[in-house]
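Here's the structure we're looking at; comments come further down.
The values are calculated or read from the model by the stated rules, or taken from the named source; none is laboratory data. Predicted model, so just to flag it, every value in this text is computed and none were measured. Ideal geometry is used to build each Cβ from the backbone, glycine not excepted, and the neighbour counts take in all protein chains shown.
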């Protein structure tokens, strides 16, 4: 395991141990193993771990194509699985739209208040309707507990995966030159507010990396990280390029501001 850990952050050790144990089960029992919904960073870790298990293949599915949060299936190479095996259910909210406006934060907050882990919830998409994906075995809990949002009554209706509306990628691409991959440095540059202000945000617990609060400004970002900044929005690291001749690093990211 030591050689695996050296490729990842110390903070990710517990996640790596958990995911690696699922690989071991799939290899040992020669049977597909289904994982929960994973964010882009966790998906990257799974892809990296797969290199240690050449007899297993990986498939991802989140209720449709090009989803940000997806479940992963670890599959022995001679076996096949179907989309149904991923146990993903897509739900649509029926609520009094004329009297209440709901945004992503309202929806996620209400869903989390049900008391289930974030990893049982896939993408939340807001368009002409509001839809989200969940781990199907937990539908009865959502149905019983998620009955109101912002004091408005809601009803959950299952919809076919083919009707799961597409995510609208309204992120603004940005390319920056920075002196390091520190969280405060990258955040300050992308938010155009300066490193000291971003450092203050981070130390006050207003910044999350991959849904986990980070209070260390020197935290080092990597590709596929999603950084959420309270009262601003979020950004996703798409690519980190090599050092320039002047000792700078080039970062490509997409910035999503709160609506």
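Worth a mention:
- Only listed residue being more than 14 Å from residue 178 (Cβ to Cβ) and either surrounded by 15 or more Cβ atoms within 10 Å (Cβ to Cβ) or free of Cβ contacts under 8 Å to residues at least 24 places away in the same chain (or both), chosen from 257, 206: 206
- Any hit, segment 188-197, residues being at pLDDT below 95, assigned to a helix (DSSP H, G or I), in the same structural domain as residue 118 (by TED's automatic domain parsing) and touching a strand residue (DSSP E or B) at 6+ places or on another chain (Cβ under 9 Å): no
- Taken as a whole, segment 87-102 holds no residue that is within 24 Å of residue 136 (Cβ to Cβ) and in a helix (DSSP H, G or I).
- For segment 134-178, the candidate set comprises residues that are under 30 Å from residue 243 (Cα atoms) and surrounded by 15 or more Cβ atoms within 10 Å (Cβ to Cβ); within that set, the residue that is nearest to the chain's Cα centre (by Cα) is 171.
- Hey, residue 115 free of Cβ contacts under 8 Å to residues at least 40 places away in the same chain and out of contact with any strand residue (DSSP E or B) (no Cβ under 6 Å at 6 or more places or on another chain) or not: yes
- Checking each residue of segment 21-36 against the condition of being surrounded by 18 or more Cβ atoms within 10 Å (Cβ to Cβ), closer than 23 Å to residue 117 by Cα, out of contact with any strand residue (DSSP E or B) (no Cβ under 8 Å at 6 or more places or on another chain) and outside the structural domain of residue 227 (by TED's automatic domain parsing) gives no match.
- Any chance residue 41 is buried (at least 17 other Cβ atoms within 10 Å of the Cβ) and closer than 21 Å to residue 237 by Cβ: yes
- Residues in segment 213-234 that are touching a residue at least 60 places away in the same chain (Cβ under 8 Å) and either within 12 Å of the chain's Cα centre (by Cα) or not assigned by TED's automatic domain parsing to the domain that holds residue 184 (or both): 224, 225, 226.
- Hey, residue 60 part of a strand (DSSP E or B) and either assigned by TED's automatic domain parsing to the domain that holds residue 136 or touching a helix residue (DSSP H, G or I) at 6+ places or on another chain (Cβ under 9 Å) (or both) or not: yes
- Residue within segment 64-80 that is touching a helix residue (DSSP H, G or I) at 6+ places or on another chain (Cβ under 7 Å) and modelled with pLDDT under 95 present: yes
- Unmet requirement for residue 238, which otherwise passes all of (1) within 16 Å of residue 188 (Cα to Cα); (2) part of a strand (DSSP E or B): (1)
- Filtered residues of segment 209-239 (kept if farther than 28 Å from residue 67 by Cα and surrounded by 18 or more Cβ atoms within 10 Å (Cβ to Cβ)): 217
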